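Each reported figure results from applying straightforward, stated rules to the coordinates on display, with no laboratory input. Just so we're clear, the structure is a prediction, and the values are computed from it rather than from any experiment. Cβ placement follows ideal geometry from the backbone for every residue including glycine, while neighbour counts extend to all protein chains displayed.
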Amino acid sequence: MTKAESDARWMAGQAAPGLVTVGDPRLRAGGHPIEDVAEAVAVLKRMTALLRELNGAGLAAPQIGVPLALAVVEVRRTALFPDRPESPLLWLADPDLTALNEVESEDWEGCFSVPGLMGLVPRSERVRVTYRMLPGGESVTQEFSGYLARVIQHEVDHLNGRLFLDRMTSMVSITTVDNYQRHHGVELQA
Ligand code: NI
């Protein structure tokens, strides 16, 4: 599947093959702490390859049916999101997240487990995350802000069985991806 095909599939509201979608209890079960580092690294590698194939910004293990507290984040500009700030690949194992801003800001989110829909989601602008760096396993604490902080909050929510829909304070903004582009987003570049 090419990136353009993946974008087209998501925009049409079709789930990517192998992805767990809303309504499946595995999404609500979240992820358990990791025990086997080699297994966790193998899962992270699979998720990284899939994230790049899907042209996404983040992916959590429950979304591929693996009940572990693992997420990958890598923000890239895409045809659909040409303005978002890019960030290097980040592997999060057993992340523990603290929101640092009391005031939240709203921005658009979508999710490969909720194909075809987007909505405005309030999130903290800055977060502190303690996680294990793999393959070494050492614990690190880092702060993140802006769009990256938003993506990380979205992925850590998956590990706790939460979807962006749960975080919306109103359903008024919910839109198909097609209508997001037409009315709320930017012009698609070929
Ligand atoms: Ni998601």
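Just a few scattered comments:
- Most fluctuating residue given options Pro17, Pro25, Pro135, as computed from a GNM of the chain linking Cα atoms under 10 Å: Pro17
- Rounded FRET efficiency, nearest 0.05, which uses the C-beta distance separating Thr169 from Arg52 and R0 of 41 Å: 0.80
- Positive-end residue of Gln153, Thr48, Val140, charge dipole of the chain with Cβ unit charges: Thr48
- Choice from Gly65, Gly13, Gly136 with maximal GNM fluctuation in the chain (Cα, 10 Å cutoff): Gly136
- The mean sequence distance of close C-alpha pairs (under 8 Å, at least 6 residues apart), as a share of the length of the chain, puts its relative contact order at 24 percent.
- The chain, helix-only ellipticity at 222 nm - DSSP H runs n ≥ 4, -39,500 (n - 2.57), divided by all residues, nearest 500: -7500 deg cm²/dmol
- When the chain is treated as a GNM with alpha-carbon contacts under 10 Å, the residue of Ala16, Ala42, Ala61 showing the greatest mean-square fluctuation is Ala42.
- Relative to its Kirkwood radius, the Cα radius of gyration of the chain gives an Rg/Rh of 0.94.
- Where labels lie 7 Å past Cα in the beta-carbon direction, separation of Val103 and Arg76 in nm: 3.5
- Neighbourhood charge, 9 Å Cβ-Cβ cut-off, centred on Glu86 and excluding it, Lys, Arg +1 and Asp, Glu -1: +2
- For the chain, size of Cβ-based charge dipole, Lys and Arg +1, Asp and Glu -1, in debye: 300
- Within the chain, the longest run free of GluC sites (Glu not before Pro) that sit in a DSSP loop with at most 12 other Cβ atoms within 10 Å is 36-85.
- Taking every C-alpha pair closer than 8 Å and separated by at least 6 residues, the mean separation divided by the residue count of region 49-147 gives a relative contact order of 19 percent.
- Mean Kyte hydropathy of -1.0 or more with a Cα span along the axis of at least 15 Å, helices from DSSP in the chain: 37-54, 146-159
- Sites matching trypsin sites (Lys or Arg not before Pro) across region 7-87 that sit in DSSP coil, with at most 15 neighbouring C-beta atoms within 10 Å: Arg76, Arg77
- Amide hydrogen neighbours beyond the local backbone of Ile34, cut-off 5 Å, H modeled: Ala69, Asp94
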